[in-house]
1. Please give the Cα centre distance for the stretch 367-426 versus the stretch 200-215, rounded to the nearest Å.
2. Using Cα pairs closer than 8 Å and at least 6 residues apart in sequence, work out the relative contact order for the chain, in percent.
3. Would you work out if the stretch 183-315 is rounded, prolate or oblate? Take a ≥ b ≥ c from the square roots of the eigenvalues of the alpha-carbon gyration tensor; rounded if a/c is under 1.5, else prolate when a/b is larger than b/c, oblate otherwise.
4. In the set (1) 30.5; (2) 32.0; (3) 24.3, which value of Kirkwood radius over Cα pairs in Å was calculated from the structure you see?
5. Take every Cα pair under 8 Å in the stretch 148-286 that's 6+ residues apart, average their separations, divide by the length, and report that relative contact order as a whole percent.
6. In nm, give the distance between the simple-model label positions of residue 6 and residue 239, each being 7 Å from the Cα along the Cα-to-Cβ direction.
7. Classify the stretch 350-400 from the C-alpha gyration tensor, please: rounded if a/c falls under 1.5, else prolate or oblate depending on whether a/b exceeds b/c.
8. On a 0 to 90 degree scale, rounded to 10, what angle separates helix 21-38 from the longest Cα axis of the chain?
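Derivation of every value follows stated rules applied to the coordinates shown; laboratory data play no part. Predicted model only: the values in this text are computed from it and were never measured. Here the Cβ positions follow ideal geometry from the backbone for every residue, glycine too, while neighbour counts run over all protein chains shown.
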């Protein structure tokens, strides 16, 4: 087989191949043998139909199938032999196939552009890192106090702001119970914006054991048609009042605040909380710097992107955006069946595609350039690093069957995407140490 490669532009090549006629004939003969093993015609035993009969009955179909398969295979062989970085299957431009002559095929294929990243050592970046204030440390300690707080029963006074109260209630309209309008041991916090305003106001000033009727008028546009435009009476019984008591901020509190960290004293707690906050702010600053560096590398190295890759990325981004827009269907089985491809029922509009295209181009340019830099610097993500990342993610979302999740992620490509992200971040982090990076401490705005 002869192969010719012609460069159309940075992202497209033309492939010309000549397939020997004898190769085609051998494949046709082999296909007739395969067909003959399965076909059964009147007057012939299975597998004993003469080739001449098969040619008359199945000739055009066999030749078409062989030609299609042979062209596909030989184009793939040509791409591999010539080391072409194809990003999609080749598209046929012309096929010349006549009996007794070699088959001439020409096709176009989208390819990754040649990438040679310019010297980046002279890049200068400035990043601002938030200075950790005393109040930041105090806020964390306040969170620890909230976690250690205890609710203490109150019996010598009525309910007031910030108290937690336990009530039973039953709602009626014109004396008839409201469907779903009753509850026992219902907990609400007086003054909380999350609680019903009317219940908040009604429970304020009540004592344990006291009963009261609260009247609530619902607007005509209220979501529940049973209540819309009507007035309901709620009979409530206050069963318990509790006040939240916070622990004193001292050494004993610090020692018990977080068993995993095992603070030795209040001073130790404050110092380590500050160190953790400072490390967090530094990481956020480095994250910002990595993003700025990726942008700068793209600016320095303009890169054409194969149109097929752009369309694929645009489609992915539109699908992800639609998933985020429809959280209400998260537990709808019919929706979950279609969730893998939100564009299946409603294709992307030109407006959606145009809106996502610039961001898609930028993402792809960054990925290709940083990937090339990773190759240049011999940066890889080890299996141990990947496992640690996945384990950390699973601990955040509540664990699960680790082996099963890893198997599924390896199967559906999630693990590959995680590895690619980690390699990208690892590469950019390495590059930050090779450029001129100025870190400036600033007060939080």
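1. So the two Cα centres are separated by 56 Å.
2. 17
3. oblate
4. (1)
5. 28
6. The modelled label-to-label distance comes out at 8.5 nm.
7. Judged from the Cα gyration tensor, the stretch 350-400 comes out oblate (a/c at least 1.5, b/c at or above a/b).
8. Long axis of 21-38 versus the principal axis of the chain: about 70 degrees.
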